[in-house]
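Enquirer: Sharing a structure, written as structure tokens. Questions coming.
The values are calculated or read from the model by the stated rules, or taken from the named source; none is laboratory data. Keep in mind it's a predicted model, so treat the numbers as computed, not measured. As a convention, Cβ positions derive from the backbone with ideal geometry for all residues, glycine included, and neighbour counts pool all protein chains shown. The area values use the complete protein model at the heavy-atom level, side chains included, leaving out ligands, DNA and RNA. Shrake-Rupley method; radii C 1.70, N 1.55, O 1.52, S 1.80 Å.
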Amino acid sequence: MKRILLFLATNIAILLVVSVVFNIVIAATGIDARGSAGLLIFCALFGFGGAFVSLWISRWMAIRSTRARVIEQPQNQSEEWLIRTVQQQAQKAGIPMPQVAVYQSPSPNAFATGRSKNHSLVAVSTGLLQSMNADEVEAVLAHEVSHIANGDMVTLTLIQGVVNTFVMFFARIIASAIARGDNQRGGLAYYGLVMLLEVVFGILASVIVMWFSRQREFRADAGSADLAGKQKMIAALRRLQRGRESELDGTMLAFGIKGKRSTIGKLFMSHPPLEERIHALEQRR
């Protein structure tokens, strides 16, 4: 639950910042954006704008938030192998070579990010390198390379932009209906109601974004099976299943979330349950 709350807090914070800027621009320009058509256009501009700003700085933010070290010159055989493996997979997937980074963390994590296939990053934790064998790490890397090849960062950004647009739009439509009268709609009560509705709608909209994210994970699993081999990918997922539940419970892993999940919690999962992903791969020919 803590993971879910942190995820929602981050997304809602971005939405609220965009909303404040939106209100300032409207007030400063004197544009009447309360008509449905004009309001929808402005919400789309700011909704997609915020999402694409996040995408544009995603690689920079990921490196700094995890304190990852981008491998410019390999310092050991392990880093040489990482570079060589990602390079081979990128060539096979038909994408430019991503940056490869390693960051310090005891948990077996990995992620891919970046604003495009030409500006992407694959990062792995030291915990993943220590807890998995070469075949399993290869499958993890192939999974992340597949995310890049599938354009998942841009796809989810577009989805987030659509979601942001309608969260902002319906929050203002409903706030206007409740705070009837032009004076009330321009007052603090109106803007306070808009913020409250955006928080509520933002939480509900996260369910949609997470559903799309889970579907992309299945596709990345299939991509890993093509690049590295189905059995290697299954082995990597099973390795996570055999992980120390008590120590990793509630921690976001490279391929899923460990621990018990409530029905509501499952709606906010960015990754499908490990058992479902293993089953999907086993059924794949």
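Enquirer: Given 206, 131, 176, which one is within 26 Å of residue 90 (Cα to Cα) and among the small types (Gly, Ala, Ser)? Reasoning before the result, please.
Expert: On the way: 206 fails: within 26 Å of residue 90 (Cα to Cα); 176 fails: within 26 Å of residue 90 (Cα to Cα).
Of 206, 131, 176, the one residue that is within 26 Å of residue 90 (Cα to Cα) and among the small types (Gly, Ala, Ser) is 131.
Enquirer: While we're on this one: Listed residues 236, 189, 205; which is within 17 Å of residue 139 (Cβ to Cβ) and in a helix (DSSP H, G or I)? Write out each step before concluding.
Expert: Numbers: 189 fails: within 17 Å of residue 139 (Cβ to Cβ); 205 fails: within 17 Å of residue 139 (Cβ to Cβ).
Going through 236, 189, 205 in turn, the sole match is 236.
Enquirer: Determine whether residue 285 is open to solvent by 40 Å² or more (accessible area, probe 1.4 Å), assigned to a loop (DSSP other than H, G, I, E, B) and modelled with pLDDT of 65 or more.
Expert: Values: open to solvent by 40 Å² or more (accessible area, probe 1.4 Å): yes; assigned to a loop (DSSP other than H, G, I, E, B): yes; modelled with pLDDT of 65 or more: yes.
Yes, satisfied.
Enquirer: Picking from 168, 153, 195, which residue would you name as being in a helix (DSSP H, G or I), at pLDDT below 90, within 30 Å of residue 44 (Cα to Cα) and within 16 Å of the chain's Cα centre (by Cα)?
Expert: On the way: 168 fails: within 16 Å of the chain's Cα centre (by Cα); 195 fails: within 16 Å of the chain's Cα centre (by Cα).
Matching residue, one of 168, 153, 195: 153.
Enquirer: Residue 49 - would you say it is modelled with pLDDT under 90 and within 15 Å of residue 147 (Cβ to Cβ)?
Expert: Working: modelled with pLDDT under 90: yes; within 15 Å of residue 147 (Cβ to Cβ): no.
Answer is no for this residue.
Enquirer: Quick one: would you say residue 146 is among the polar types (S, T, N, Q), over 17 Å from residue 233 (Cα atoms) and open to solvent by less than 30 Å² (accessible area, probe 1.4 Å)?
Expert: no
Enquirer: Sticking with this one: Given the conditions (1) under 23 Å from residue 242 (Cβ atoms); (2) in contact with a helix residue (DSSP H, G or I) (Cβ under 7 Å, 6 or more places away or on another chain); (3) polar (S, T, N, Q), report the number of the one that residue 126 does not fulfil.
Expert: Answer for residue 126: the failing condition is (2).
Enquirer: Restricting attention to the range 109-127, and to residues there that are open to solvent by less than 10 Å² (accessible area, probe 1.4 Å) and polar (S, T, N, Q), which single residue is farthest from residue 140 (Cα to Cα)?
Expert: Pass one, the range 109-127, residues open to solvent by less than 10 Å² (accessible area, probe 1.4 Å): 114, 120-125, 127.
In the following step, the residues that additionally are polar (S, T, N, Q) were identified as 120, 125.
Details: 120: 16, 125: 11 Å.
My answer is 120.
Enquirer: Of (1) more than 25 Å from residue 45 (Cα to Cα); (2) at pLDDT 90 or above, residue 183 satisfies all except one. Which?
Expert: All conditions are met except number (2).
Enquirer: Can you report the number of residues in the range 79-108 which are assigned to a helix (DSSP H, G or I) and either open to solvent by less than 50 Å² (accessible area, probe 1.4 Å) or touching a Gly at 6+ places or on another chain (Cβ under 6 Å) (or both)? Spell out the reasoning first.
Expert: Of all residues in the range 79-108, those assigned to a helix (DSSP H, G or I) come to 79-93.
Among the residues that remain, those that are also either open to solvent by less than 50 Å² (accessible area, probe 1.4 Å) or touching a Gly at 6+ places or on another chain (Cβ under 6 Å) (or both) are: 79, 82-83, 85-86, 89-90, 93.
Looking only at that region, the number is 8.
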